[in-house]
Each structure stands twice: as C-alpha cells, then as structure tokens.
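A short worksheet on the structure shown next.
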Amino acid sequence: QQQVKQSPQSLIVQKGGISIINCAYENTAFDYFPWYQQFPGKGPALLIAIRPDVSEKKEGRFTISFNKSAKQFSLHIMDSQPGDSATYFCAAKNSGGGADGLTFGKGTHLIIQP
Amino acid sequence: DAGVTQSPTHLIKTRGQQVTLRCSPKSGHDTVSWYQQALGQGPQFIFQYYEEEERQRGNFPDRFSGHQFPNYSSELNVNALLLGDSALYLCASSRDVEQYFGPGTRLTVT
C-alpha cells in the first residue's frame with residue numbers, strides 16, 4: 001500500500017517558469033513532510049520541510065504549501081533554472097513515532113528547458 | 001564538516017553471496033537509517049539503528065541485518081543475495097527528525 005502518492009511522474013518547464021509537484025498522504029499520524037532533490041548517481045539532498053501547524057513555508061525559490069484537511073502538500077519552484085533539473089521526492093514521517101523511517105513518493109523527474 | 005559517507009561506491013555480487021555495506025554518519029548525529037532505492041523508485045525504509053540497537057524495521061526479510069558501532073557508524077548486511085536485491089543502498093543519519101543521506105552504494109547482483 002502506497003502511503004504517499006506523488007504526481008506528476010515527469011514534468012517539463014521552461015526556464016523562468018514555476019514548477020509544481022504534488023503529493024497526497026493517507027496516514028493521519030504523519031506530521032513531518034520533507035522534500036528531497038536527487039541528481040543522477042547521487043543520494044537525495046534535503047531541500048525543505050514542513051510541519052502541519054503551518055500552511056506554507058518558503059526558502060529562497062522553494063515553497064511548500066500544506067493542506068491538512070485534504071492531506072495534500074506541494075512543492076513550488078519559482079523562477080525554475082536548468083540547474084534545478086533533477087528528480088524530486090516528497091516524503092512523510094510520524095516524528096512522534098520514534099524510529100519510523102521516511103515514507104517516500106515515487107518521484108518526479110523535472111526537466112527545465114533553457 | 002564531513003557529511004554522510006558510504007563505502008564501497010559500487011559492488012558486484014553473484015546470487016547467493018553475502019554483502020556488507022558501510023556508513024559513517026554526519027558529525028554530531030547518533031542515528032542511522034538504511035534505505036533501498038530500486039531504479040526509478042523512491043527509497044524504501046529498511047531499518048534504523050540508535051544506541052547500537054535496531055529500533056524499527058520496514059517490510060524487508062531477515063536476510064537484511066545490520067549493526068551500529070559505538071562511534072555511531074553502521075553496517076548493512078544482506079545474505080543469500082537475489083537478483084531483486086540489485087539497487088542503490090542509501091544510508092541516512094540524523095540527530096532528530098531531519099535525515100541527511102549519503103551518496104549510496106550501487107549493488108548489482110548477477
């Protein structure tokens with residue numbers, strides 16, 4: 001059972017545009033929602049994370065929007081650049097669950113066209 | 001400040017063999033989690049180690065085992081390798097909820 005559903009599977013955006021990736025979760029015990037960026041041959045790098053007590057968090061060009069009632073969260077990349085081309089993963093965790101691992105979505109392959 | 005390191009980078013094994021992968025956590029981190037990432041998929045949680053004990057395990061068989069040492073470094077052991085074990089094995093270290101990943105070990109089983 002996939003507990004975190006991520007869409008789209010792939011996304012092409014023009015340079016300077018806004019990239020939007022969406023995730024939905026099922027487990028209401030999840031209370032920590034990070035986004036990771038992964039380049040080919042590398043490990044995932046933590047980009048930004050949010051807790052459900054806020055509806056939005058912004059760090060530079062990256063913004064997470066969170067909708068607790070809909071059990072959905074999304075990543076917005078403003079002014080997308082070719083260097084942003086990578087695979088992005090959303091994840092979720094029950095931070096009060098002690099040893100619970102992260103549950104990941106299947107990833108979005110983002111291509112920023114120059 | 002060194003990040004999470006893993007060794008080896010790549011490994012090729014034959015079905016039925018055993019393999020050991022190693023991870024050194026980020027400085028100041030005391031918890032190590034292991035993940036398996038199949039090609040084109042998101043990482044899947046294998047287990048987590050804290051204070052040299054396995055605290056939680058994902059949906060992986062007992063062929064997967066691990067160890068954590070007093071210096072917080074960790075090993076992942078896989079016995080009786082199957083072709084389906086071919087994947088990128090990722091180690092993540094943490095002190096609280098944020099997990100930081102290493103570059104991974106690419107395991108190919110032939």
Under a point-charge model restricted to the Cβ atoms of Lys and Arg (+1) and Asp and Glu (-1), what is the dipole moment magnitude of the range A:4-113 relative to its Cα centre, in debye to the nearest 20?
120
Counting only protein heavy atoms with a 1.4 Å probe and every protein chain in place, the carbon and sulfur fraction of the accessible surface of the protein assembly as shown in whole percent equals 47
State in Å² the accessible area per residue of the range A:27-72; use a 1.4 Å probe, count heavy atoms of protein chains only, and round to the nearest integer.
53
If one puts a single equal scatterer on every Cα of the range B:5-109 and applies the Debye formula without solvent, what log₁₀ I(q)/I(0) results at q = 0.19, 0.20, 0.23 Å⁻¹?
-0.88, -0.98, -1.29
Residue-averaged beta-carbon neighbours from other chains (10 angstrom radius) around B:33-42
4
Taking every residue of A:102-112, the Cβ atoms of other protein chains inside 10 Å of its Cβ average out to 3
Counting Lys and Arg as +1 and Asp and Glu as -1, each charge on the Cβ, what is the dipole of the protein assembly as shown about the Cα centre in debye, to the nearest 20?
640
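Roughly how much accessible area, to the nearest 100 Å², goes out of reach of solvent when A and B pair up, both sides summed, probe 1.4 Å? Show your work: numbers first, answer last.
Working: alone 6130 and 6060 Å², together 10730 Å².
Chain pair A/B: roughly 1500 Å² of buried accessible area.
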Any idea which of B:Ala2, B:Val78, B:Gly42 is furthest toward the positive side of the dipole for the protein assembly as shown, if Lys and Arg beta-carbons carry +1 and Asp and Glu beta-carbons -1?
B:Gly42
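Hey, what's chain B come to in accessible area per residue, 1.4 Å probe, Å²?
Working: 5350 Å² over 110 residues.
Computed with neighbouring chains in place, this is 49 Å² per residue.
Taking the Kirkwood radius as the inverse of the mean 1/r across Cα pairs, report the Rg/Rh of the range A:30-114. Working shown, then result.
Details: Rg = 13.2 Å, Rh = 13.6 Å.
Value, to two decimals: 0.98.
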How high is the relative contact order of chain A? Use alpha-carbon pairs under 8 Å, at least six apart in sequence, and give a whole percent.
37
Cα Rg, Dmax, the protein assembly as shown, angstrom units:
17.4, 50
Partner chain Cβ atoms within 10 Å, averaged over the residues of A:30-40 - can you pull that number for me?
2
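The values are calculated or read from the model by the stated rules, or taken from the named source; none is laboratory data. Values in this document were obtained by computation on a predicted structure and should not be read as measured data. We place every Cβ from the backbone using ideal geometry, glycine too, and count neighbours over all the protein chains shown. Ligands, DNA and RNA are excluded from the accessible area calculation, which covers all protein heavy atoms including side chains. Shrake-Rupley method; radii C 1.70, N 1.55, O 1.52, S 1.80 Å.
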